[in-house]
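Reviewing the structure listed below.
The values are calculated or read from the model by the stated rules, or taken from the named source; none is laboratory data. Being a predicted model, the structure only gives us computed values, none of them experimental. We place every Cβ from the backbone using ideal geometry, glycine too, and count neighbours over all the protein chains shown. Only protein heavy atoms, including side chains, enter the accessible area calculation; ligands, DNA and RNA are left aside. Shrake-Rupley method; radii C 1.70, N 1.55, O 1.52, S 1.80 Å.
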Amino acid sequence: MSLSSRFSCLDDHDPDALAVDQARAFIHSQLRPRLACERVALRSALGRVLARDLIAPCNVPAADNSAMDGYALRHADLDATGETSLRVVGTAMAGRPYAGVVAAGECVRIMTGAVPPPGCDAVVMQEVVRVDGARVGIPGGQRRGQNIRLAGEDLALGRPALTAGRLIRPAELGLMASLGFAEVSVFRRLRVAFFSTGDELCSIGAPLAEGAVYDSNRYTLFGMLSRMGCELLDLGVVADDPPLLAETFRQAAAAADVVISSGGVSVGEADFVRPLMAELGEVLFWKIAMKPGRPLAFGRIGAAAGNADRGAWLFGLPGNPVAVMVTFYQFVREALYRLMGADPLPVVPLLPAVCEHSLKKLPGRSEYQRGILSQTAGGWRVRPAAAQGSGVLRSMAEANCFIVLGHESGPVAAGDVVEVQLFDGLV
Ligand code: AMP
Ligand code: MG
């Protein structure tokens, strides 16, 4: 079934005012991860997606060990309520266990991470113990097993420590190291080709001709794609020239898994891009009910008939610099993670914040205003960046979050709680 007929099957869709959630869900439903996997050295796995379940080849921790600095003892020696005096016969250090035997009425000094001697089944923290020469007084009320971390408590031998699809962040890297893995299987990097279109665009390094603008979209795209760990193919600036555009799209689709263009999908320009796309593959042109970022093209290009595995997914983003970033974050980011094999997809939470200003908003479209979130004694507050035009990239640079005004929501009064989406994630 063709892409357009699958899209037509959607209930209640209007390609001239498609809700953000509908577009996102449709895109998501079409994509399947198909990347080959490769083995890489552990450090190179950062930012990549795990291709196979990682089964723990050992217990972590490998042996029972003390969670505290204190005294390891035999719980049965202790008086349940009163103090018990024990003789200290030695010391167990992390990496250097006590070699002797702990007999009845004896204990050893033990450090965090050290393995308790055989027979010792509790550790009492040093702060509660009364030291008296070579003896210690242990207060009543201790529990068997207390302050001992059990072997396999963090990761059990033979169980999956991480499952395929996991995006590898610093914690996963450390966890894999804790299991002794020097190499892991990850999906190969997603190849993304991208370029800017427009006769008015000038590349940096050249003097700006009259009426021209420097191409900034290729740099925001470079930044966002690099941070996602994609393999990049920068195809430069392409003039509004149909044969040249067709050739660039063809070349991009042959070399990459995903092609991202910016510009050329607004109402006037789509008129000449549309027939060109019809020759290259199957691309849907949408007007999304959102601000900014209304025009968006999505589809598949460059696949030879009967060979759907070849070719590339296309995202034709609008030309306005803010709209490029908004549509990337709201549609492309998640789509790329899906194609990268990430499962679960990394979520971007919507967090509540008190809006300091009133905001105009009509129900029936989603808005992504650029906001400045700050912490006050009364909690998190947000105010819109000064200039909200979809061409004003300064608003993105000044802001640290989107103020997300949902499809159905109406105007916001000063003091209302709104939802924000932070630009930066912690890891
Ligand atoms: P378009 O979607 O091609 O009609 O472009 C919409 C607006 O965005 C126009 O003002 C363009 O000059 C501007 N624009 C398009 N592409 C870029 C780019 N790569 N860098 C900066 N501005 C751009
Ligand atoms: Mg243009």
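Note on L150 and L345: with the Förster distance fixed at 30 Å, the Cβ-Cβ geometry gives a FRET efficiency of about 0.35. Net charge of the neighbourhood of L46, taken over other residues with C-beta under 9 Å away and scored Lys/Arg +1, Asp/Glu -1, is +2. Extending 7 Å from the Cα toward the beta-carbon at both H75 and E231 defines two label points whose distance is 5.6 nm.
Computed per residue of the chain from DSSP H runs no shorter than four, each worth -39500 (n - 2.57), the mean residue ellipticity at 222 nm is -5500 deg cm²/dmol. Under the combined filter of DSSP loop state and at most 15 neighbouring Cβ atoms within 10 Å, region 364-414 retains these GluC sites (Glu not before Pro): E408.
With a simple spin-label model that places each label point 7 Å from the Cα along the Cα-to-Cβ direction, the separation between M125 and L157 comes to 3.2 nm. The distance from the alpha carbon centre of region 106-175 to that of region 314-365 is 45 Å, rounded to a whole number. Restricting region 112-193 to GluC sites (Glu not before Pro) that sit in a DSSP loop and have at most 15 other Cβ atoms within 10 Å of their own Cβ leaves E153.
Solvent exposure of the chain, expressed per residue, is 48 Å² of accessible area, with all protein chains present and a 1.4 angstrom probe. Counting only DSSP beta bridges with both residues in region 254-335, what percent are antiparallel, rounded to the nearest 5? If we restrict to bridges inside region 254-335, about 70 percent are antiparallel. With both residues required to sit in region 76-230, DSSP beta bridges show an antiparallel share near 55%. Which loop trypsin sites (Lys or Arg not before Pro) in region 336-427, with loop taken from DSSP, have no more than 13 other Cβ atoms within 10 angstrom of their Cβ? Within region 336-427, the qualifying trypsin sites (Lys or Arg not before Pro) (loop, at most 13 other Cβ atoms within 10 Å) are K360.
Scan the chain and note any complete DSSP helix (H) whose C-alpha atoms cover at least 30 Å along its axis and whose Kyte-Doolittle average is 0.0 or more.
Correct list, ordered by number: empty.
Distance between the pseudo-spin-label points of A171 and Q30 (7 Å out from Cα toward the beta carbon): 3.4 nm. Segment V40..S8, full-extension length gain: 7.3 nm, with 0.36 nm per residue of separation and the alpha-carbon distance subtracted.
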